[in-house]
Amino acid sequence: EGKNLIFTAKVTLKPEVKLGKYKGIEIEKVEYNVSDDDVNAEIARLQEKGSRIVTVEDRAVENGDIANIDFEGFKDGVAFDGGKGENFDLTIGSGQFIPGFEEQLIGKSAGEEVSVNVTFPEDYHAEDLKGAPVEFKVKINAIKKKELPELDDEFAKDVSEFDTFEELKNDITKKLQEQADARQKAETENKVVDAAAELTEVEIPQCMIDAQIEHMMRDYDMRLSQQGLSFQKYLELTGTTVESFKEQFTPQAEKQVKTSLTLEAISKAENFEIDEDTLNEEYNKIAEGYKMSVEDIKKYIPASELKNELLTKKAVDFLVENAKIK
């Protein structure tokens, strides 16, 4: 008591980073454009969503129809297990049943009884039915079809907030282009950042890689919990150990640490700074997005952490602005 204390500590120092060329990095241009086919596919998805099933009474079964059937399968005249069903809705052409079954219902009418002869595939799961010729006795109870809504102004009003089909189509085109632009921007950034990190020389301490793996595991656990699954349960279901999981993610963790160190070194080399106004503006933006108060957001995201994120973004923007895009 009252004496001076002398102790020795052994610590791992943050590594020195030797940047390679990071200005004027050459990359191939990334470009995504929205075609008419993309827009039509989205409209078709909305049209499909608004479809309704109607009964057909004035014709026989056609490809694409939904045939409501009773059926029973026989092998050598004896009914086999799992070969019977009642009031089953079968979409003709879906390939849901054994090859050749659905085609034999085309041209048949509601109320008609049909004998369908097919052969089970050689790789069928039931051993006694592999490659076996069988007969199905089928009764067609009803014929139905999917009726798609007309692509008009009424359709636009039903599926959106727009009054005309033209407005709906323009909005779909705009949103698809925004998605394409965001994808193009992200991939361009990734290409430039990867190239800069590739040219960086740094010896990464194992503790930094381990810390990144732990961070990735926590993130993985959080995403699994949103699906009602724990990380431990995931490991059990996939037959994976924590050690093998860490080993699997080591190369990715090492790349992320190297990328982070590279961007941090670029920020220092270019003397980037984040002032208080920029920091507060970002806090306000996050708070607005999460519908929370700025004070509460600050409890979750410390100023130092947010400042590092903004510096990283600044370094990425700088790399892209100075890249040579071919």
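The values are calculated or read from the model by the stated rules, or taken from the named source; none is laboratory data. On a predicted model such as this, the values are computed, not experimentally measured, just so you know. What goes into the accessible areas is simple: the full protein's heavy atoms, side chains included, and nothing from ligands, DNA or RNA. Shrake-Rupley method; radii C 1.70, N 1.55, O 1.52, S 1.80 Å.
Just list whichever of 18/255; 10/246; 21/326; 18/326 have alpha carbons separated by over 20 Å in the model shown. 10/246; 18/326, as the Cα separations exceed 20 Å there.
Against the longest alpha carbon principal axis of the chain, how many degrees, from 0 to 90 and to the nearest 10, is the axis of helix 276-290 turned? With rounding to tens, the tilt is 20 degrees.
Partner lysines whose Cα lies under 24 Å from the Cα of residue 146, excluding those fewer than 8 positions away in the same chain, are identified as 49, 108, 157, 169.
Using Cα pairs under 8 angstrom and six or more residues apart, how large is the relative contact order of the chain, in percent? Write down the numbers at each step before the final one.
Details: 397 pairs, mean separation 76.9, N = 326.
In percent, rounded to a whole number, it is 24.
Helix 303-321 against the longest principal axis of the chain: what's the angle in degrees, Cα atoms only, rounded to the nearest 10? Tilt relative to the chain: about 80 degrees.
Here the chain exposes an accessible surface that is 47 percent carbon and sulfur, computed with a 1.4 Å probe and the other protein chains kept in place.
When only Cα pairs under 8 Å and 6 or more residues apart are kept, what is the percent relative contact order across the stretch 79-209?
Values: 98 pairs, mean separation 16.8, N = 131.
Relative CO of the stretch 79-209 lands at 13 percent.
Rounded to the nearest whole Å², what accessible area per residue is found for the chain with the 1.4 Å probe? Each step should come with its number before you reach the end.
Numbers: 21940 Å² over 326 residues.
Here the residues of the chain average 67 Å² of exposed surface.
Which of [x] 23.2, 68; [y] 21.3, 71; [z] 31.3, 104 is the computed Rg and Dmax of the Cα atoms in Å for the structure on display? This structure yields the entry labelled [z]. For the chain, the longest principal axis of the C-alpha atoms and the axis of helix 206-225 are separated by about 40°.
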